[in-house]
1. Considering only segment 248-271, how many residues are surrounded by 20 or more Cβ atoms within 10 Å (Cβ to Cβ), over 30 Å from Lys324 (Cα atoms) and out of contact with any Asp or Glu (no Cβ under 6 Å at 6 or more places or on another chain)?
2. Given the criteria more than 15 Å from the ligand (Cβ to nearest atom), hydrophobic (A, V, I, L, M, F, W, C) and crowded, with 20+ Cβ neighbours inside 10 Å, does Ile404 qualify?
3. Report the residue count in segment 79-114 for those that are open to solvent by 30 Å² or more (accessible area, probe 1.4 Å) and within 22 Å of the chain's Cα centre (by Cα).
4. Against the condition touching a residue at least 12 places away in the same chain (Cβ under 8 Å), open to solvent by 10 Å² or more (accessible area, probe 1.4 Å), outside the structural domain of Ala461 (by TED's automatic domain parsing) and closer than 27 Å to Gly431 by Cα, how does Thr615 come out, does it pass?
5. Of everything in segment 44-91, what is charged (D, E, K, R) and either in a strand (DSSP E or B) or within 20 Å of Thr312 (Cβ to Cβ) (or both)? Give them in sequence order.
6. Which of the residues belonging to segment 443-471 are open to solvent by 20 Å² or more (accessible area, probe 1.4 Å) and acidic (Asp, Glu)?
7. State all residues of segment 307-328 that are under 30 Å from Leu610 (Cβ atoms), within 15 Å of the ligand (Cβ to nearest atom) and not in a helix (DSSP H, G or I); if no residue qualifies, say none.
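The values are calculated or read from the model by the stated rules, or taken from the named source; none is laboratory data. This is a predicted model, so every value here is computed, not measured. Virtual Cβ from ideal backbone geometry, glycine too; neighbours counted across all protein chains shown. Ligands, DNA and RNA are excluded from the accessible area calculation, which covers all protein heavy atoms including side chains. Shrake-Rupley method; radii C 1.70, N 1.55, O 1.52, S 1.80 Å.
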Amino acid sequence: MKKTCFMKNFVCIICTAFLIFTTVSCGKSKLKNGTYTASVYGNNDYINVQTVFSAGKIASVKVLQHSETRFIGDFAIDTISKDIVDYQTVNADTVSGATVTSAALKAAVQQCITDAGGDISAFNKPVPPKGTKKDTVTVEKADIIVVGSGGAGLSAAVTAAEGGASVIVIEKMPVIGGNTIRCASAFNTADPELQKLLPMTDTLKKAVLKAINEKPVHTAHAQLIKDVKAKYDLYISSGTSTLFDCPEWHALQTFNGGDKVADVALIRKYTENTLDTLHWMESLGMPVRKKVSQGAGALWQRTHQMDSPAGTGIIGPLYEAAVKMNIPIITNMRADKLIVENDRITGVHAVDKFGSEYTYMASKAVILATGGYANNKEMRQKSNPGLTPDMVSTNQPGTTGDGIVMALEIGAGTTGMNYVQTYPLATPRTGTLQGRARKMSGLDNVINVNKEGKRFVNEDARRDAFVAAIKKQTDGMCYDINDSSIVEVKNSFNENVETLVALGRIYKADTLAALEEQLKMPEGSLQKTVSEYNRMVAAKTDPEFGRKLFANPIEKPPFYATPRAPSIHHTMGGLTINTDAQVLDTSGKVIKGLYAAGEVTGGIHGSNRLGGNATADVLTFGRIAAKAVLKN
Ligand code: ADP
C-alpha cells in the first residue's frame, strides 16, 4: 500500500520515524503487514496456507485446506505451524515420516513472506531443542508393553486392554500408524455374506481343482488339501453358483502363493481368524465397503477395502479405542534392547529423542510389533543380495527391522529372511503406492501395458511374477490403463485425480488414439490392445496370458494411463513364532515373556505374500498375541 503524507514538501518527521522503526525492528526484512495465502502441493494435494504478518512478525499460520493423511500430515501441520509462529522461523524441524507435508507447509509460508516483501533469511534460525537429556533412567510399568503403533501393535494393545490388562505402547516415530496407515487398506478374508454376490466361473473352478489335485509337499499340506477338498465337495453338491471360499481355501492359496515354504499351522491360525478380526474392527468403526474384489496379487475375490484414505480407516478406529481405554501411546520413544531377567523377557530399554533413557517393565509380556525391514538397506541386502541400496521402497522410514535386531540379541530365531516382496505397481522413482487414477477396487477393470502399448502379463498374477514381467519391459515400467467408469474425484490416497492429471502424473484423453499419442506409443497399438481385451471380456478367457478376472470392457471415455513401476514393499521373513505368537529361539523353544505380531514375524507368507494378506495378518496376529498373553 502506497502511503502519502500531507506535509508533502517537508521532511516528514512522523514518516521518517516510522521508516526507521520498521527498518530497525525487522532487520533486512521489509515485511508488510497483512494476510497472504499460498498453495503448495503436499503429499496428497495442494496445501492452502494463510499467513498473517503484523509489525514485522509472523502473527499466525493457518492451513485453510489440505488433504494430507490423518495422523501423519495433520500432525506435521499442527506442529510446524506452531513452531513457525513461536520461533519466527521457516526453518522449523521437519516431522520425520511426514517430510513431504512438512516441506510443503514451510514452502508455502516462505512464499507468503516473499509476497509480503520480506526476506527469508530473516526467518531462518533453527528451532531450539525443546528438551534435554535426563541423567536418570525413568521406569514405567504395565502388564504388557507393546513396541510399535502400526496395525499389529494397536490391535494387540486394544485387545489386551479389552481383556483387562494395563498396556503401554511405545513408538519410535513422531507419528503413529507405521506402514499400516500408509497402506491401501486391502483386507483378505473369506466372507460368505459378501462373496455370495459373486459368480463362480469355470476358470475359477479349475484353479481350485488344480490346487486340490497337487501332490502334497508334506503332511500339513496334505491335510490342508484334504480339508479344502471336503469343503469343495460339499459346495459342489449344494449346487450353488456363487463364489466358493472358506478359511481352508484361503490358507491353501496363501501357502501355494508363497511357494509352499510357509508354516501351514500359522497360516491356518491366520485364515481361521480373519473374519472375526474384520468384524471386531468393524465394531470399532473400521469403514469396510460392502463389496469384495481381488486386489493386486490377491489371487481370489476376498479383498475387502476400506472407505477411507490410505490406512486411516484401520489406524483411526484403533487409535480412538486406545484413547478411550486410556492406553498411553508414547511417540518418539525408540526401544533398543530387551530386558532379560531369570530367563524371561521382563521389559524393554528405550531412548527418547533427547537421548533420555527409559525402561518399560512388563509384568506379563512384551509384544514386538515393530514392522519389517524394507528400509534397512543393509539388512535387506544381507538377506537378499539382489536388493541393492538404490532400490526404492513403499515403506515409511521407521521400517528398519529393530524388533528383529533386538530379538536376535537375546537368541531369537528367524524364518525366511531372504523373502522380500517388491510391489509391482508403485510410482516410478519415488516408490510410493500413491498416484493412481482409480480407487483400489480390484483389478477386474484395469489392464497393464508396456511403452509399446501391449499387454505383457496376466494382471491377476502373483506379485513376484508381475514384477519379473515388468522388469523385462522397456525402462522397467508399465501403465495402468482404465476407463472413466471406475474413476472417482479422489483415489484411495485422498489425491484428487484431476490434479494428478494437471501435474502430469496421470495421462487422460477422450480417445484411446489421443492417449496413445500422449504416451508416444506406436500408432494403433493401445487401441488394438484394448479392443483385444474387450473381446476377452466378452469371451471370459485370455488365451495369451491366462488372466482369470474380467468384469467390464474398457470403453467409457475419458481414458486414463498411470505410470507404474516396482518398489520394495514387504518383508515376509522375520522372527519365528508359534501359533500363539510367542517368539521362539533358534532351537524352537519358547522365549518366555516375548511375543511378536505383524511384519516383524516370519513364516506366514512364505516367499511371496498375497496382496491383501498383510493387513489381515497384522491385525489378526496382534489380537492372537494379546489373547495368548492374557491366557498364558
Ligand atoms: P505392522 O503392519 O506389522 O503393524 P507397521 O509398519 O504398521 O507394522 O508398524 C510398525 C511400527 O513400529 C511403526 O510405526 C514403527 O515406526 C514402529 N517401530 C519400529 N521400530 C521401533 C522401535 N525400535 N521402537 C518403537 N517403535 C518402533
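1. Within segment 248-271, residues that are surrounded by 20 or more Cβ atoms within 10 Å (Cβ to Cβ), over 30 Å from Lys324 (Cα atoms) and out of contact with any Asp or Glu (no Cβ under 6 Å at 6 or more places or on another chain) number 16.
2. no
3. Number satisfying all stated conditions: 5.
4. yes
5. Asp45, Lys57, Lys62, Glu68, Arg70, Asp74, Asp78
6. Of everything in segment 443-471, those that are open to solvent by 20 Å² or more (accessible area, probe 1.4 Å) and acidic (Asp, Glu) turn out to be Asp444, Glu452, Asp464.
7. Applying the first criterion (under 30 Å from Leu610 (Cβ atoms)) to segment 307-328 yields 307-322.
After this cut, where a residue has to be within 15 Å of the ligand (Cβ to nearest atom) as well, the list is 310-319, 322.
Once the filter is applied, which keeps residues that are under 30 Å from Leu610 (Cβ atoms), within 15 Å of the ligand (Cβ to nearest atom) and not in a helix (DSSP H, G or I), segment 307-328 yields Ala310, Gly311.
Condition check ((1) assigned by TED's automatic domain parsing to the domain that holds Lys106; (2) β-branched (Val, Ile, Thr); (3) within 16 Å of the ligand (Cβ to nearest atom)) across all residues:
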site: Gly131; (1), (2), (3): no, no, no
site: Ile144; (1), (2), (3): no, yes, yes
site: Ser155; (1), (2), (3): no, no, yes
site: Val167; (1), (2), (3): no, yes, yes
site: Cys183; (1), (2), (3): no, no, yes
site: Ala186; (1), (2), (3): no, no, yes
site: Ala220; (1), (2), (3): no, no, no
site: Leu224; (1), (2), (3): no, no, no
